[in-house]
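Trainee: Here it is: the structure, laid out below.
The values are calculated or read from the model by the stated rules, or taken from the named source; none is laboratory data. All values reported here derive from a predicted model rather than from experimental measurement. Using ideal geometry, Cβ is built from the backbone for each residue, glycine included, and neighbour counts are taken over all protein chains shown.
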Amino acid sequence: MNTNDILDAIGEADDAAIERAKRPKRRSLAPIWITACAAAACIALVAAIPAIRRELVPDTEEYHHLLGSYEESAESAMDIMEIEIDTIDCNIWYVENGSLSGEDVTVDAMPESYFQAWKEYNGIGEEVRFISVKIEDNGYDSYSDDGMVVTHHTGDYFSYTLTVSKELEAYYDSTDRALLLESLEKTMTGSYDFPIDEFHLILE
Amino acid sequence: MQDTEIISLYWARDERAIAESAAKYSVYCGSIAGNILDSREDAQECVNETFLAAWNSIPPHRPQTLATFLGKLTRRIAIDRWRKLHAAKRGGGRTAIALEELQECIAGQQDVAQEAERRQLREAVRAFIRALPDTEQRVFLCRYWYMDTVEDIAAQFGFSESKVKSMLHRTRGKLRAHLQKEGLQ
């Protein structure tokens, strides 16, 4: 076997994957409601926004522009800003006949939506609830001189912690537990614009 | 014209199939060939050969996705031509660089490749790519299927070039481990 063989083998990749490779990147935005009635409250919110959005928008010009738009709105009292939820084609993985299958499904670009779709495809009931997602990286925050603007410098190692209700355990016996959990990890982490290096599941 | 209509023309052995395919996919196939070959003339010849190859293979094929069917033909034809042109040379050009990078995925330089092993390798690589997370898969295919430069990929995804390089390096390592696990090296 040589590299030419590998190059030829890559040439035989699935058509859907080849097509998807060139699909324009969708911007995924979570809804954030912001009320601005005092400058101090706005500053606190502006400082908190990177923590919420760091997994969605890396250290780019657009990110700082977005941050700036929140600062501008702080001037008027009771300013309410909503960012519209975008949709995304999420690859939902599920256990079927003892193996994993995947299907592209259009969902709201939010972890709750990915989880809901995963439940539907795996026959998991409504008693299993999504609680939270936390994504952390090995980056760092820097603050402007006046302390009013924080910029997150994205690292290159990402961990993803999903917390769901412990009712999920009841489904372990009815299917292949390892495959079920693998399908959950692949579904939840597959739609991000960066590779997830660690996945943790907490049952609460 | 819709792809299904173009494919029907091929099946009806109506030569308009080639004209319609060319009208719709020349640019797409041309960009694939252009990424692989240094010469614009060579790339254009590969595109022409693509439509001839499509004419000769449809039927019996009835592609699900005409774009990727033609794209795969173009890629194969362009790589074969690149190999003929560079048989005596080493280094230089996008394809040579891509091949050098893929060297990481094999344990040693073994040129003995039998047909059965090639088939096994194709299946193993296909399964590997299929299982990659979405962005990693797309970046990997942009680099090694479409032969895009790291710079182009960074621009497409809004990443830094170093991020693209480190993603590709990690994916190549995973591919190497996967092939070793499959007993293919």
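Trainee: Going by the conditions given, is A:Tyr114 part of a strand (DSSP E or B), modelled with pLDDT of 85 or more and in contact with a helix residue (DSSP H, G or I) (Cβ under 6 Å, 6 or more places away or on another chain)? Explain how you work it out, then say what you get.
Mentor: Details: part of a strand (DSSP E or B): no; modelled with pLDDT of 85 or more: yes; in contact with a helix residue (DSSP H, G or I) (Cβ under 6 Å, 6 or more places away or on another chain): yes.
Criteria not met by A:Tyr114.
Trainee: Just the residues that are modelled with pLDDT of 75 or more and of a type in the set (A, V, I, L, M, F, W, C), please, taken from the stretch A:128-170.
Mentor: A:Val128, A:Phe130, A:Ile131, A:Val133, A:Ile135, A:Phe158, A:Leu162, A:Val164, A:Leu168, A:Ala170
Trainee: Got a sec? Which of B:Val125, B:Val150 is at pLDDT 90 or above, more than 10 Å from chain A (Cβ to nearest Cβ) and closer than 20 Å to B:Lys174 by Cα?
Mentor: Working: B:Val125 fails: more than 10 Å from chain A (Cβ to nearest Cβ).
Within the list B:Val125, B:Val150, the selection yields B:Val150.
Trainee: Right, another one. B:Met1 passes all but one of (1) assigned to a loop (DSSP other than H, G, I, E, B); (2) in contact (Cβ under 8 Å) with a residue 40 or more places away in the chain; (3) among the hydrophobic types (A, V, I, L, M, F, W, C); which number fails?
Mentor: Unmet condition: (2).
Trainee: A follow-up question, please. If I ask for residues that are assigned to a strand (DSSP E or B) and at pLDDT below 80, which ones from the stretch A:100-111 would you list?
Mentor: A:Asp108
Trainee: So which residues in the stretch B:25-67 are touching a residue at least 40 places away in the same chain (Cβ under 8 Å), of a type in the set (A, V, I, L, M, F, W, C) and surrounded by fewer than 17 Cβ atoms within 10 Å (Cβ to Cβ)?
Mentor: Once the filter is applied, which keeps residues that are touching a residue at least 40 places away in the same chain (Cβ under 8 Å), of a type in the set (A, V, I, L, M, F, W, C) and surrounded by fewer than 17 Cβ atoms within 10 Å (Cβ to Cβ), the stretch B:25-67 yields only B:Trp55.
Trainee: Given the structure, is B:Glu20 exposed (fewer than 15 other Cβ atoms within 10 Å of the Cβ) and either part of a helix (DSSP H, G or I) or of a type in the set (S, T, N, Q) (or both)? Talk me through it step by step, then tell me what you get.
Mentor: Numbers: exposed (fewer than 15 other Cβ atoms within 10 Å of the Cβ): no; either part of a helix (DSSP H, G or I) or of a type in the set (S, T, N, Q) (or both): yes.
No, not satisfied.
Trainee: Testing B:Ala88 on (1) exposed (fewer than 15 other Cβ atoms within 10 Å of the Cβ); (2) at pLDDT 90 or above; (3) more than 7 Å from every other protein chain (Cβ to nearest Cβ), one condition comes back false. Which one is that?
Mentor: (2)
Trainee: What is the number of the single condition among (1) in contact (Cβ under 8 Å) with a residue 60 or more places away in the chain; (2) more than 23 Å from B:Cys29 (Cα to Cα); (3) in contact with a Lys or Arg (Cβ under 7 Å, 6 or more places away or on another chain) that B:Gly158 does not meet?
Mentor: (1)
Trainee: Sticking with this one: Report, by residue number, each residue of the stretch B:154-177 that is more than 8 Å from chain A (Cβ to nearest Cβ) and of a type in the set (Gly, Ala, Ser).
Mentor: B:Ala154, B:Ala155, B:Ser160, B:Ser162, B:Gly173, B:Ala177
Trainee: I've got another one for you. Could you please give the count of residues in the stretch A:179-201 that are assigned to a helix (DSSP H, G or I), within 14 Å of the chain's Cα centre (by Cα) and more than 11 Å from chain B (Cβ to nearest Cβ)?
Mentor: 1
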